[in-house]
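Coordinate-derived values only; no laboratory data. Values in this document were obtained by computation on a predicted structure and should not be read as measured data. Neighbour counts run over all protein chains shown; Cβ positions are idealised from the backbone, glycine included.
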Amino acid sequence: MATMTRTQFEAELQNLRGKLLEMCSVADSMVAMAMEALTELDVQLAEEVIKTDDNVDAMDISIETECIRLIALQQPIARDLRLIGTAFKVITDIERIGDHAVCIAKVARDLAKDSFYKPLVDLPRMAQSVRTMLTEVLTAFVNHDLELADKVITADDEVDDIYRKIKAQLFAAMKRDPDAVIQASQFLFVAHYLERIADHTVNIAERVHYVETGDLMQLVKSHQSNS
């Protein structure tokens, strides 16, 4: 098969970036819907999140196939190869974000017939912080904005702080009121899923750095600090 012209290849790379952005946008909407399903006790919305996961999985396969095709067709080097390699990595993080949104939706579905033992405040606040990170990492990716990517990485500390606060509150509630144990444990799962979504978002931000600079050291240091 003949190789593409540079103009054609750049158009293909732009198309790849567009598919990544679409996949991430769908995953973000799943997180938003899952949290709304939880706070509004909306079973139908929870089921919609669960069904949408099939779309994310299909996008995952489509982008992976496209990456393989571009590598075989064009044998890219330097930044182009970093972008395609990053796409391979990023789709895994986005797919996991979708999975965590599904898990939150399942909690929402399971709790839909209950009255919450306390108003949900910190979980929606944590979800909003996580979704802000997702929005900003998309903007950083589109605009090649390393400062914004750094902001996303730093914002993970705030999410971790909220997570620790929520865990402490839920553990205290479970000790104080045995009747709250089942519900509080479910909320704890939701907090954990949101914390993991933030971690996957940080992974994407680190990959933005790699695409733009070619520097793998930040990725290596990050994985060492998390091990």
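Note down the magnitude of the dipole of segment 1-77 about its Cα centre, charges +1 on Lys and Arg C-beta and -1 on Asp and Glu C-beta and zero elsewhere, to the nearest 20 debye.
640
What is the distance, in nm, between label points placed 7 Å from the Cα along the Cα-to-Cβ direction at residue 172 and at residue 7?
A separation of 6.5 nm, rounded to one decimal place.
Give me the number: length gained by fully extending residue 142 to residue 32, i.e. 0.36 nm times residue separation minus the C-alpha to C-alpha distance, one decimal in nm.
Fully extending the segment from residue 142 to residue 32 adds 37.5 nm.
Test of the criteria: in segment 69-145, which trypsin sites (Lys or Arg not before Pro) are in a DSSP loop and have at most 14 other Cβ atoms within 10 angstrom of their Cβ?
113
Which of the pairs 106/151; 19/51; 113/165; 106/167; 19/118 have their Cα atoms more than 29 Å apart in this structure?
Beyond 29 Å: 106/151; 19/118.
Taking K and R as +1 and D and E as -1, what net charge do the other residues with C-beta under 14 Å from the C-beta of residue 9 add up to?
Cβ neighbours under 14 Å give a net charge of 0.
With the chain treated as a Gaussian network of Cα nodes joined by springs under 10 Å, which of 181, 26, 43 yields the largest mean-square fluctuation?
Between 181, 26, 43, it is 181 that shows the largest mean-square fluctuation.
How big is the dipole moment of segment 145-210 about its Cα centre under a simple scheme where the beta carbon of each Lys and Arg is +1, that of each Asp and Glu is -1, and everything else is neutral? Debye, nearest 20, please.
With Lys and Arg at +1 and Asp and Glu at -1, about 420 debye.
How would you rank 132-143, 168-179, 196-207, highest first, on the average number of other Cβ atoms within 10 Å across their residues?
Result, highest mean first: 196-207, 132-143, 168-179.
Extension gain residue 215-residue 47, at 0.36 nm per residue separation less the Cα-Cα distance, in nm?
Working: separation 168, 0.36 × 168 = 60.48 nm, distance 4.16 nm.
Computed gain between residue 215 and residue 47 is 56.3 nm.
Which whole-number percent gives the relative contact order of the chain, counting Cα pairs below 8 Å spaced six or more residues apart? Kindly include the intermediate steps, with their values, before the conclusion.
Numbers: 259 pairs, mean separation 55.9, N = 227.
Over the chain, the number comes to 25 percent.
Along Cα→Cβ, 7 Å out, is where each label goes; now give me the distance between the ones at residue 58 and residue 179 in nm to one decimal.
Spacing of the two 7 Å Cα→Cβ label points: 4.6 nm.
Nearest 0.05, what FRET efficiency do residue 21 and residue 78 give at R0 = 22 Å with Cβ-Cβ as r?
In this case the efficiency is close to 0.50.
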